[in-house]
Structures are given as C-alpha cells and as structure tokens.
Amino acid sequence: MLISVLSGKGGTGKTTVAVNLAVLLKNACYVDCDVEEPNGHIFLNPVYSKSERVEVMVPAIVKEKCSGCGECVRFCYFNALALVKGKVLLFPEVCHGCGGCIHVCTQNAVTEDKKDIGRIDTGVGGGLECIRGVLEIGEPVGVPIIKKMKAGLREDRTNILDCPPGSSCTVVGAIQGSSYAVLVTEPTNFGLHDLEIAVRLVKKLGIPAGVVINRSGEGDERIEEYCNTEGIPVLGRIPFARGIAEVYSEGGLLAEDARYSKYFEEIAHRLEEVLSREAACYYKR
Amino acid sequence: MKICITSSGKEMGSAVDLRFGRCKYFCIYDTESRETKVLENAGAYSQGGAGIAAAQQVVDEGVEVLITGNLGPNAMRVLKAAGVKAYRTEETDVARAVMMYEAGQLQPIESPVSAHHGMQNKRGDK
C-alpha cells in the first residue's frame, strides 16, 4: 500500500508528518521521494546498507551514420540537441531522456547511451525500513529515481511516501498509484492557496485525501471551511507550539515525545479509520 | 555579413537585451543590404535549453557576428562550433551597439557566464 504525504506549499511539515506516521503505523516503510532535498533521514537516522545508482537514457550520435538532416534537433522539446555545420551537438545535461530523437532518426544514427542522475539508498532507522532517492545537483528530472524507488517497494507494507513540494512531475510521479493522500497544510492564506492546488491534483488522479493542519491554532477555520466544501476530512492537527519546534529543530521524533505523540497517534488512528472505510468503498464498487 | 543584436524591442532604437538565451527579439542587420530583420527568439519560451535553441536560431539565420550582454555555456558551445563571433555590449540601444561594433569598440566574449544567469536577473546584469 502507498500513502502519499504532500502539501503543495513547501515547509508545511510533510516530512514531520511522514516520519512520525511511519514510526506509528504498523509494518511501515518510509520512502523519501523529495529527491532534490531528501531530509527525512535527519529524524530517522537510518544506517544505509545498500546504495543503487539510477541511470537514464541519453542519446549518442553515430557520426558515420548521421546525415545532418536535423530531424532529432527539431524533435527535441528540451533543446538538448543542436545542428551546426551538418553536425549534431549533444547537451546531455539538458536531456530529459524521452528517446524521441532515436525514434525520429531515419538513418539509425542516434543510439542509446546512459547518464547517471542519482541514487537510491536503502537502510534501517527508527525501527523501520528507510528508502531515499537522491537526485544529483543540476539534473533536471527526478521522476526516474522516484519510479525506480516505487518499483522496489513491498506491497505488503504501508509505504509512506514523503513527496516533494509543488504539483509538478516529481509530485505526480510520487503520488501515482497511492491508496490515500495526506495533505499537510498550515492555517495561512499561503497554505490554503497551495492546498487547493494539491486537492485539484489528487482529485485529477482519483486519490482520496485527508488534511493535516500543522501549526494549528489560529486561522484554522479557513482550512476547515474549505475542507468542508470539498468534502475532505481533517485527519488531525499539530498545534503551533514552541516545544514542537524545539523537538523538530533537534531532529527529534514527535511521535516518541510523551507531550506531543498524541497528535500523531490521532492522525494515524484517523488514517487507519479512513483507509478501512476507503477499502470498504472500493469493495462496494 | 549579418550581425545579430539581442533586443528587447523591434526597432533599431530599442534597448539591447543583455540576456542571450531568454532575450525577446533578435535584430539581424545585414551590413551589405543595410536592412534589418527582426525575429522573435523562440528560445525565450522554451522550458529548458533556451540558450541552445536561441543559438541554433542565430546560426540558422547565417549570422556571423552576435552582439549581446552575456552568453551561457551551452549557447557559447553552439556559437563557437558555428564560428559565430560574439561581442559584449553594455546597456545601450540596437543602433548604437552596431555603431560601436563597427568602430571596433566592443570586446569579444571569451568566457560564458553561469547557466541560467539570465533567468535570475531580467536585465542580464552581472
């Protein structure tokens, strides 16, 4: 099972919710899909025992076969190829690895090469399996790392996917196929604005979702009102409290702190509840 | 000979766009016919590789001299391969930039600025 934790807005507390849920839920696996800046390990302190490189396709030009027609250059949406004086110039760092240039070449002059874009680390920390994807700095696309990471997940586990912020390709790649989405927000206009985007995204992908209000206490009604209108349950609240910020800033797990664990237990409990209900809904169909 | 000036407008009096890959227009001045052709920079709207697309467009137009503010590494590679000579100008208008080039007052661009330089700063300043 896949459970995605996303937010739209950055810095709302995706990682905080994801790691603490992973610690509380039975048979969980924490999967850091925020490949540009994976940082859940700061809370879980895993010892990584396995590291696997991720490669994507980049083209290579067979000079002897190339007629200099420029079909590949015209095809490339990302301008990773140029044609100068009848010769193709290649810019692998701009390439998104679609392979279209190979397909359109009538001379079979474009072949497959590989480019290393990052890695997947697997280990154990906080009493559970931890997986993280790491995209090399400057690489344009993290989706292949996320897809490879997800392909290796065990189906009998509750895989908590800590997603990147935003709503672009990496987020879509991460949440696709999820049984449920936990949308973390904060009770500000910024939080609400980006929550709306996240809700549109999960609805488009047909993923049922619930909301967690982080830094809760003031202005919650704007989020609650919106959730009511959209028919999205509020799974729980994490109060805006100095002590929580202190535990967080030291890389501590709130789920293991006697003062604050109840907030996460509540979220985990509600999540299990809606999941069983969702399952029931699916059976009815 | 064709001289290409990166421009923010369509006139000879328009300000030079000091960015290359994300400039708005290319003013292409033909020194023999003394005519100017204005093209939209297709690279300006590309998702990535703007410098490469812009350089490709300039090369395809048969330009021999480029006048701009800064060049990124990828654009530079394309222009070098095509033998296009690039010259740096400060803030000025298109006509004046051509005059300065013809008077030998512009310096060739020897090294690129960092990638995405023109995206951080719309004026292309350093």
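The values are calculated or read from the model by the stated rules, or taken from the named source; none is laboratory data. Being a predicted model, the structure only gives us computed values, none of them experimental. Glycine gets a Cβ as well: all are built from the backbone with ideal geometry, and neighbour counts include every protein chain shown.
Could you please find all residues in region A:1-20 being crowded, with 24+ Cβ neighbours inside 10 Å and of a type outside the set (Val, Ile, Thr)?
A:SER4, A:LEU6, A:SER7, A:GLY8, A:LYS14, A:ALA18, A:ASN20
Check A:VAL31, A:VAL104, A:VAL47 and return the single one that is more than 14 Å from every other protein chain (Cβ to nearest Cβ), touching an Asp or Glu at 6+ places or on another chain (Cβ under 7 Å) and within 30 Å of A:LEU253 (Cα to Cα).
None of the others qualify; the one that does is A:VAL31.
Pick from A:ILE146, A:ILE117: which is touching a residue at least 12 places away in the same chain (Cβ under 8 Å) and closer than 18 Å to A:TYR48 by Cβ?
Details: A:ILE117 fails: closer than 18 Å to A:TYR48 by Cβ.
That would be A:ILE146, the only listed residue that is touching a residue at least 12 places away in the same chain (Cβ under 8 Å) and closer than 18 Å to A:TYR48 by Cβ.
In region A:79-89, which residues are surrounded by 20 or more Cβ atoms within 10 Å (Cβ to Cβ) and either more than 7 Å from every other protein chain (Cβ to nearest Cβ) or not small (Gly, Ala, Ser) (or both)?
Scanning region A:79-89 gives A:ASN79, A:LEU81, A:LEU83, A:VAL84, A:VAL88, A:LEU89.
Among (1) in contact with a His (Cβ under 8 Å, 6 or more places away or on another chain); (2) among the charged types (D, E, K, R); (3) within 13 Å of chain B (Cβ to nearest Cβ), where does A:GLU93 come up short?
Of (1) in contact with a His (Cβ under 8 Å, 6 or more places away or on another chain); (2) among the charged types (D, E, K, R); (3) within 13 Å of chain B (Cβ to nearest Cβ), only one is false for A:GLU93: (1).
Any idea how many residues of region B:36-76 are of a type outside the set (A, V, I, L, M), touching a residue at least 24 places away in the same chain (Cβ under 8 Å) and closer than 22 Å to B:PRO108 by Cβ?
Result for region B:36-76: 12.
Would you point out the residue of region A:212-251, among those that are farther than 17 Å from A:GLY191 by Cα and loosely packed, with under 15 Cβ neighbours inside 10 Å, that is modelled with the lowest pLDDT?
Taking region A:212-251 and keeping what is farther than 17 Å from A:GLY191 by Cα, we get A:231, A:241-251.
Subsequent filtering for residues that are loosely packed, with under 15 Cβ neighbours inside 10 Å retains A:231, A:242-243, A:245-246, A:249-251.
Numbers: A:GLY231: 93, A:ARG242: 97, A:GLY243: 97, A:ALA245: 97, A:GLU246: 97, A:SER249: 96, A:GLU250: 96, A:GLY251: 96.
Step by step, filter region A:212-251, then rank; the result is A:GLY231.
Taking region A:87-109 as the region of interest, how many residues are closer than 13 Å to A:PHE75 by Cβ and either among the aliphatic types (A, V, I, L, M) or in a helix (DSSP H, G or I) (or both)?
Residues flagged as closer than 13 Å to A:PHE75 by Cβ and either among the aliphatic types (A, V, I, L, M) or in a helix (DSSP H, G or I) (or both) within region A:87-109 amount to 6.
Taking A:PHE75 and the conditions (1) within 14 Å of another protein chain (Cβ to nearest Cβ); (2) out of contact with any Lys or Arg (no Cβ under 9 Å at 6 or more places or on another chain); (3) of a type outside the set (Lys, Arg); (4) surrounded by 23 or more Cβ atoms within 10 Å (Cβ to Cβ), which numbered condition does it fall short on, given that it satisfies the others?
Answer for A:PHE75: the failing condition is (4).
A quick yes/no check of all residues on (1) within 19 Å of A:CYS169 (Cβ to Cβ); (2) assigned by TED's automatic domain parsing to the domain that holds A:GLU256:
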position	(1), (2)
A:LEU6	yes, yes
A:THR12	no, yes
A:ALA18	no, yes
A:LEU25	no, yes
A:TYR30	no, yes
A:ALA80	yes, no
A:LEU90	no, no
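Condition check: out of contact with any Pro (no Cβ under 7 Å at 6 or more places or on another chain), part of a helix (DSSP H, G or I), in the same structural domain as A:VAL23 (by TED's automatic domain parsing) and buried (at least 19 other Cβ atoms within 10 Å of the Cβ). Does A:ILE145 satisfy that? Steps first, please.
On the way: out of contact with any Pro (no Cβ under 7 Å at 6 or more places or on another chain): yes; part of a helix (DSSP H, G or I): yes; in the same structural domain as A:VAL23 (by TED's automatic domain parsing): yes; buried (at least 19 other Cβ atoms within 10 Å of the Cβ): yes.
Yes: the conditions hold for A:ILE145.
Identify, please: which residue in region B:48-71 is in a helix (DSSP H, G or I) and surrounded by 24 or more Cβ atoms within 10 Å (Cβ to Cβ) and is, among those, farthest from the other protein chains (Cβ to nearest Cβ)? Full working, then the answer.
We begin by selecting, within region B:48-71, every residue in a helix (DSSP H, G or I); these are B:50-60.
Going one step further and asking which of them are surrounded by 24 or more Cβ atoms within 10 Å (Cβ to Cβ), we end up with B:50-56, B:58.
On the way: B:ALA50: 7, B:GLY51: 8, B:ILE52: 4, B:ALA53: 4, B:ALA54: 9, B:ALA55: 7, B:GLN56: 5, B:VAL58: 11 Å.
Checked region B:48-71; the qualifying residue farthest from the other protein chains (Cβ to nearest Cβ) is B:VAL58.
Could you pull out the residue among A:VAL58, A:VAL62, A:VAL47 that is of a type outside the set (D, E, K, R) and surrounded by 15 or more Cβ atoms within 10 Å (Cβ to Cβ)?
Working: A:VAL62 fails: surrounded by 15 or more Cβ atoms within 10 Å (Cβ to Cβ); A:VAL47 fails: surrounded by 15 or more Cβ atoms within 10 Å (Cβ to Cβ).
The match here is A:VAL58.
For A:LYS147, all conditions in the list (1) within 14 Å of chain B (Cβ to nearest Cβ); (2) closer than 27 Å to A:LEU25 by Cβ hold save one; what is the number of the exception?
Unmet condition: (1).
With the structure loaded, tell me whether A:ASN39 is surrounded by fewer than 17 Cβ atoms within 10 Å (Cβ to Cβ), in a loop (DSSP other than H, G, I, E, B) and either touching an Asp or Glu at 6+ places or on another chain (Cβ under 6 Å) or among the polar types (S, T, N, Q) (or both) or whether it fails that test.
Yes, satisfied.
Can A:GLY133 be described as over 30 Å from A:CYS69 (Cβ atoms) and either assigned to a strand (DSSP E or B) or more than 14 Å from chain B (Cβ to nearest Cβ) (or both)?
Spelling it out, A:GLY133 is indeed over 30 Å from A:CYS69 (Cβ atoms) and either assigned to a strand (DSSP E or B) or more than 14 Å from chain B (Cβ to nearest Cβ) (or both).
From the list B:LYS2, B:LYS85, B:LYS10, B:LYS80, pick out the single residue that is more than 14 Å from chain A (Cβ to nearest Cβ) and free of Cβ contacts under 8 Å to residues at least 24 places away in the same chain. I'd like the intermediate steps shown before the answer.
On the way: B:LYS2 fails: free of Cβ contacts under 8 Å to residues at least 24 places away in the same chain; B:LYS10 fails: free of Cβ contacts under 8 Å to residues at least 24 places away in the same chain; B:LYS80 fails: more than 14 Å from chain A (Cβ to nearest Cβ).
Just one listed residue meets the conditions, B:LYS85.
Can you pull out every residue in region A:230-254 that is touching a Gly at 6+ places or on another chain (Cβ under 9 Å), more than 14 Å from A:ASN214 (Cα to Cα) and assigned to a helix (DSSP H, G or I)?
The initial filter retains those residues of region A:230-254 that are touching a Gly at 6+ places or on another chain (Cβ under 9 Å), namely A:232-241, A:246, A:248, A:253.
From the residues that got through so far, the ones that are more than 14 Å from A:ASN214 (Cα to Cα) too are A:232-233, A:246, A:253.
Correct list: A:GLU246 only.
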